[in-house]
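Colleague: Questions regarding the structure given below will be posed in turn.
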Amino acid sequence: MQTDPNWANFLYNPNTKKIYLLDFGASREYPKSFVDNYVRVMKAASDNDKETVIKVSQEMKFLTGYESKIMENAHVDAVMLLGELFRHPGEYSFNNHDMIARIQNLVPTMLSHRLCPPPDEIYSIHRKLSGIYLLCVKLNVPVAARSLFLDL
């Protein structure tokens, strides 16, 4: 995955309708086990399955299993926020939601109560995903995210 959310790293050719990557400096490969588990967490969030979110988060080393209830709840709330667009039936309108503000409200709790750092891979993948999310907000693009996710 090219993990730099800077859209100047891409070129669109309207004749061929193709997008070309110009900068490979922030490219990263992810282990299959990480990707599979990340998808499991997002699937659990899309199904509103908080128990599976906790279980897989522990398997991925997001959580140790010894966190305070405050930290566990903040982590689950953040994951559920990320899964919100995959729970939404039909097209998700990125401009009608305050997801970023709600996640920012959870950060102080997670910083002060976290017992272990998140997996290394999470920083780059969340950097890319947040860039894509902000692009969708800027473009005001409704996306049938749930059906796209479930098709994958």
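The values are calculated or read from the model by the stated rules, or taken from the named source; none is laboratory data. The model shown is predicted, which means the values in this text are computed figures rather than measured ones. Calculation scope for accessible area: heavy atoms of the full protein, side chains included, ligands and nucleic acids excluded. Shrake-Rupley method; radii C 1.70, N 1.55, O 1.52, S 1.80 Å.
Colleague: Under the √(5λ) rule applied to the eigenvalues of the Cα gyration tensor, what semi-axes describe the equivalent ellipsoid of region 8-83? Give them in Å, descending.
Modeller: Here the semi-axes work out to 34, 14, 12 Å.
Colleague: Let me ask something else about it. Each residue of region 88-101 in order: what ³J(HN,Hα) in whole Hz does its phi give by Karplus 6.51 cos²θ - 1.76 cosθ + 1.60, θ = phi - 60°, with x for Gly and Pro?
Modeller: Whole-Hz 3J(HN,Hα) from phi for region 88-101: 5, x, x, 7, 8, 8, 5, 7, 9, 9, 10, 4, 4, 5.
Colleague: List the relative contact order of region 25-152 as a percent without decimals, with contacts defined as Cα pairs under 8 Å and 6+ residues apart.
Modeller: 31 percent
Colleague: Just read off the accessible area of Lys69 with the full protein assembly in place, 1.4 Å probe, to the nearest 10 Å².
Modeller: Surface open to solvent at Lys69 totals about 130 Å².
Colleague: Something else: Leaving ligands, DNA and RNA out of it, report the carbon-plus-sulfur percent of the accessible area of the chain at a 1.4 Å probe.
Modeller: On the chain, the fraction of accessible area on carbon and sulfur atoms equals 59 percent.
Colleague: Same structure again: Taking every pair of distinct Cα atoms and averaging 1/r, then inverting, what Kirkwood hydrodynamic radius in Å comes out for region 69-150?
Modeller: This gives a value of 13.9 Å.
Colleague: Continuing with this model, one more query. Using modelled amide H (1.01 Å from N, peptide plane; none on Pro or chain starts), what sits under 5 Å from the amide H of Phe10, excluding residues fewer than 5 places away?
Modeller: Hits under the 5 Å cutoff: Leu22.
Colleague: Follow-up. Identify which of the listed values of log10 I(q)/I(0) by the Debye sum over Cα atoms at q = 0.16, 0.20 Å⁻¹ was calculated from the structure shown: [x] -1.01, -1.47; [y] -0.83, -1.28; [z] -0.95, -1.30.
Modeller: Of the listed options [x] -1.01, -1.47; [y] -0.83, -1.28; [z] -0.95, -1.30, [x] comes from this structure.
Colleague: Then there's this: Give me the accessible area per residue for region 1-122, probe 1.4 Å, as a whole number in Å².
Modeller: 60 Å²
Colleague: Sticking with this structure for a sec: Hey, what angle do you get for helix 69-87 against the long axis of the chain, alpha-carbon based, 0 to 90 degrees rounded to 10?
Modeller: 30 degrees
Colleague: Under a GNM of the chain (C-alpha, springs under 10 Å), which listed residue has the highest mean-square fluctuation: Tyr123, Tyr20, Tyr66?
Modeller: Answer for the Gaussian network model of the chain: Tyr20.
Colleague: Can you give the relative contact order of region 13-85 as a percent, counting alpha carbon pairs under 8 Å and 6+ residues apart?
Modeller: 31 percent
Colleague: Measure nothing but the geometry: give the 0 to 90° angle between the long axis through the Cα atoms of 121-139 and the longest principal axis through the Cα atoms of the chain, rounded to 10°.
Modeller: 50 degrees
Colleague: Under the Karplus relation 6.51 cos²θ - 1.76 cosθ + 1.60, θ = phi - 60°, what is the ordered set of whole-Hz ³J(HN,Hα) values for region 142-151, x standing for Gly and Pro?
Modeller: With coefficients 6.51, -1.76 and 1.60, one gets x, 10, 7, 5, 4, 5, 4, 4, 5, 5 Hz.
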